[in-house]
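Following this message is one structure expressed as structure tokens.
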Amino acid sequence: VKTESRKASTKPKVVILGAGFGGLTLARKLSDRAQVTVIDKHNYQTFLPLLYQVASAGLAADHIAHPIRGALRGLGVEFRMASPIAIDTQRGTVKLDSSELIEYDHLVVALGSETTDFGIPGVAENALGMKSVHEALRIRGEVMRHFEDLCRIDDGSTLEIVIVGGGPTGVEMAGALAELARGPLNRDHENAAKRIKISLIEAGERLLPSFHPKLSARTKSDLERLGVKVLVDTKVAHVKSDEILLADSTTIPAQVTIWAAGVRGESTIEKLRLPIEAGRVKTSPTLQVEGFENIWAIGDVAGVIGEDGRRLPMVAPVAMQQARFLAKQLFTNSLKRFKYRDKGSMATIGRHKAVVEAKNLRIAGAIAWFAWLWLHLFYLLGGRNKVGTMADWTWNYLTFDRGNRHIMDGADL
Ligand SMILES: Cc1cc2nc3c(=O)[nH]c(=O)nc-3n(C[C@H](O)[C@H](O)[C@H](O)COP(=O)(O)OP(=O)(O)OC[C@H]3O[C@@H](n4cnc5c(N)ncnc54)[C@H](O)[C@@H]3O)c2cc1C
């Protein structure tokens, strides 16, 4: 079935696969210069940096999901809720799982990333990922279901929650769960809450390895003050249903394992037969996919080598800067090389606890925390989501409570 809806136009046809940070930014920038079609398997964009707050009952799930059609309203951009299954580079078409064929003059791959288990057995079966709203609701559901068990069975047993991966996602998740247990759950049922134990495992020698060692040390001590057991230099060998086997052959109990240890390019790129290196699409600094003049890749999925010889980090600013760059690059005759401007990094640990690093500036504590809140609110899409998030945060801040403790993952249906 060839699409009927794209009206005759002299503007070039640009098809964007993925409506995340990169894809949506690009679609909005290109809408006046091209016939743009955006394809995504969801009808909403997920604000992944706040996913951990949904998982730890701090935010309602719909506050971090923004309808794609709403984001593109009035721009003349077509949207298809579908997945690409094949690219015909000769004819310039993409086939969707709805059987629709979409023609392109330029194709942009912006499919993001997915959790990788690095081949460690048991991760897929026994660990909970952190890449979608559904997975965040699953984590919240699992934690709250186990909490209900602790409330019911007063036999001294504990709930061991282990987060694997000491990058920003793992740190934020560990801190938020610790605060959930110490605050709202403690007030719900003190005896059950004090039996919740949280550990954070990192294979490298320190948490937040991309930050300055002083901020890593501060993060570790802040987490420990919240009651989190931090294990660095600790490699996971096997994740089982109720324990984790470590590389040194010791085991640690884990009724809930949360996997925040790494991501790779979205695996649909294999089906699309794009060139792949180190789990990402082989992409030149001009953002062209290797071997193609009119196929481009941006964001997490694109393995662009930066000026330091390493692949660019999988973070939202890279995806958005590449989208803005590509909006200019697509219709120019002299191709330029993309340069990432790293404006800094931040991670939050808990109330009044965060770390921020930008060039030579390094701050930790309450100022960093308020900066983190403001920046995330600024980048969150949609007025309704901003207002909802502000309402949840204000409520949480003033009452020390978390109103989103519902078990809503559908596992009990
Ligand atoms: C838990 C978590 C926390 C994070 N925190 C931060 C942070 O604090 N700061 C930061 O800078 N970065 C953070 N990141 C990374 C950041 O979210 C990514 O770098 C960014 O989303 C990349 O943008 P993208 O456009 O490449 O991909 P995405 O924003 O992930 O968008 C990809 C889109 O492709 C769609 N898609 C995927 N597969 C298919 C398919 N087969 N068919 C159709 N559509 C498909 C998805 O539905 C999605 O809408 C975090 C990531 C995670 C997982």
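The values are calculated or read from the model by the stated rules, or taken from the named source; none is laboratory data. Because the structure is a prediction, the values reported are computed rather than measured. Cβ placement follows ideal geometry from the backbone for every residue including glycine, while neighbour counts extend to all protein chains displayed. SASA here: full protein model, heavy atoms, side chains in, ligands and nucleic acids out. Shrake-Rupley method; radii C 1.70, N 1.55, O 1.52, S 1.80 Å.
For R225 and E307, calculate 0.36 nm times their separation in residues minus their Cα-Cα distance, and state this gained length in nm to one decimal. Intermediate results must be reported in sequence, preceding the final value.
Numbers: separation 82, 0.36 × 82 = 29.52 nm, distance 3.87 nm.
That works out to 25.7 nm of additional length.
Additional query: Can you give the accessible area per residue of the range 291-413, in Å², using a 1.4 Å probe? Working shown, then result.
On the way: 7000 Å² over 123 residues.
Per-residue accessible area for the range 291-413 comes out at 57 Å².
While we're here: Distance between Cα centroids, the range 258-279 to the range 141-172: provide it in whole Å.
29 Å
Can I ask one more? In nanometres, what is the gap between the two model label sites at E290 and Y397, each 7 Å from Cα along Cα-to-Cβ?
4.8 nm
Spin-label point model (7 Å from Cα, Cβ direction): what's the K339 to L101 distance in nm?
Between K339 and L101, the simple spin-label model gives 4.4 nm.
Another question, then. Rounded to the nearest 500 deg cm²/dmol, what is the calculated helix-only ellipticity per residue at 222 nm for the chain, with -39500 (n - 2.57) per DSSP H run of length n ≥ 4? Before the final figure, lay out the partial values.
Numbers: 12 runs with 123 residues, N = 413.
-9000 deg cm²/dmol, from helical runs alone.
Can I ask one more? How much of the DSSP beta bridge set in the range 270-413 is antiparallel, as a percent to the nearest 5?
80 percent
How much of the accessible area of the chain, probe 1.4 Å, is carbon plus sulfur, in whole percent?
On the way: 10020 of 19340 Å².
Of the solvent-accessible surface of the chain, carbon and sulfur hold 52 percent.
Next question, about the same structure. Rolling a 1.4 angstrom probe over the protein chains, ignoring ligands and nucleic acids, what is the accessible area of W369 in square angstrom, nearest 10?
30 Å²
A further question on this structure: Give the long-range amide H neighbours of I16: residues separated by 5 or more places, or on another chain, with amide H under 5 Å away, using H modelled in the peptide plane at 1.01 Å from N.
Here T37, V38, I39, V108 satisfy the definition.
How long is the gain from K386 to A278 if the chain were fully straight, where each residue apart is worth 0.36 nm and the alpha carbon distance is subtracted? If you can, show how the numbers build up before the last one.
Values: separation 108, 0.36 × 108 = 38.88 nm, distance 3.62 nm.
Taking 0.36 nm per residue and subtracting the Cα distance, the gain is 35.3 nm.
Sort R187, R91, R362 from largest to smallest accessible area, using a 1.4 Å probe on the heavy atoms of the protein chains. Each step should come with its number before you reach the end.
Values: R187 140, R91 190, R362 100 Å².
Largest accessible area first, the list is R91, R187, R362.
Please report the accessible area of D97 (heavy atoms, 1.4 Å probe, ligands and nucleic acids excluded) in Å², nearest 10.
90 Å²
Between 0 and 90 degrees, rounded to the nearest ten: what's the tilt of helix 383-399 against the longest Cα principal axis of the chain?
10 degrees
Still on this structure, please answer the following. Which entries in the list K194/K353; K194/K359; K214/K328; K95/K131; K41/K235; K194/K386 go over 30 Å, if you measure between the two C-alpha atoms of each? Walk me through the numbers on the way to the answer.
On the way: K194/K353 22 Å; K194/K359 40 Å; K214/K328 40 Å; K95/K131 25 Å; K41/K235 34 Å; K194/K386 34 Å.
In this structure, K194/K359; K214/K328; K41/K235; K194/K386 lie more than 30 Å apart at Cα.
Could you state the angle between the C-alpha long axis of helix 213-225 and the longest principal axis of the C-alpha atoms of the chain, as a value from 0 to 90 degrees rounded to the nearest 10?
Helix 213-225 and the main axis of the chain meet at about 50 degrees.
Set the Förster distance to 56 Å, then compute FRET efficiency between M81 and I153 from the Cβ-Cβ distance, nearest 0.05.
For M81 and I153, the calculated efficiency is 0.80.
Separate question: For the range 16-174, what is the accessible area per residue in Å², given a 1.4 Å probe and the full set of protein chains?
Details: 5990 Å² over 159 residues.
Computed with neighbouring chains in place, this is 38 Å² per residue.
Here's another thing I want to ask about it. Give the accessible area for M346 in Å² (nearest 10); use a 1.4 Å probe, count only protein heavy atoms, and leave out ligands, DNA and RNA.
The accessible area of M346 comes to roughly 50 Å².
Right, something else. What order do K220, K353, K29 take when sorted by accessible area (1.4 Å probe), most exposed first? Mind dumping the intermediate values first?
On the way: K220 70, K353 45, K29 100 Å².
Putting K220, K353, K29 in descending order of accessible area: K29, K220, K353.
May I ask for the angle, rounded to the nearest 10°, between helix 168-180 and the longest principal axis of the chain, with both axes built from Cα atoms and the value confined to 0 to 90°?
40 degrees
Search the structure for amide H atoms under 5 Å from the amide H of K235, placed 1.01 Å from N in the peptide plane, and list their residues when 5 or more places away or on another chain.
Counting only residues 5 or more places away or on other chains, the set is A247, D248.
From the phi of every residue in the range 190-202, what ³J(HN,Hα) in whole Hz does the Karplus formula 6.51 cos²θ - 1.76 cosθ + 1.60 yield, where θ is phi - 60° and glycine or proline is x?
4, 4, 6, 4, 6, 8, 8, 10, 10, 10, 10, 10, 10
Additional query: For T257, T169, give the ranking by accessible area with the largest first, probe 1.4 Å. Walk me through the numbers on the way to the answer.
Numbers: T257 0, T169 65 Å².
The ranking, largest first, comes out as T169, T257.
In whole Å, how far is the Cα centre of the range 87-126 from that of the range 330-392?
One Cα centre to the other: 28 Å.
Rounded to the nearest 5, what % of DSSP beta bridges with both residues in the chain are antiparallel? If you can, show how the numbers build up before the last one.
Details: 33 of 68 bridges.
Around 50 percent of the beta bridges assigned by DSSP in the chain are antiparallel ones.
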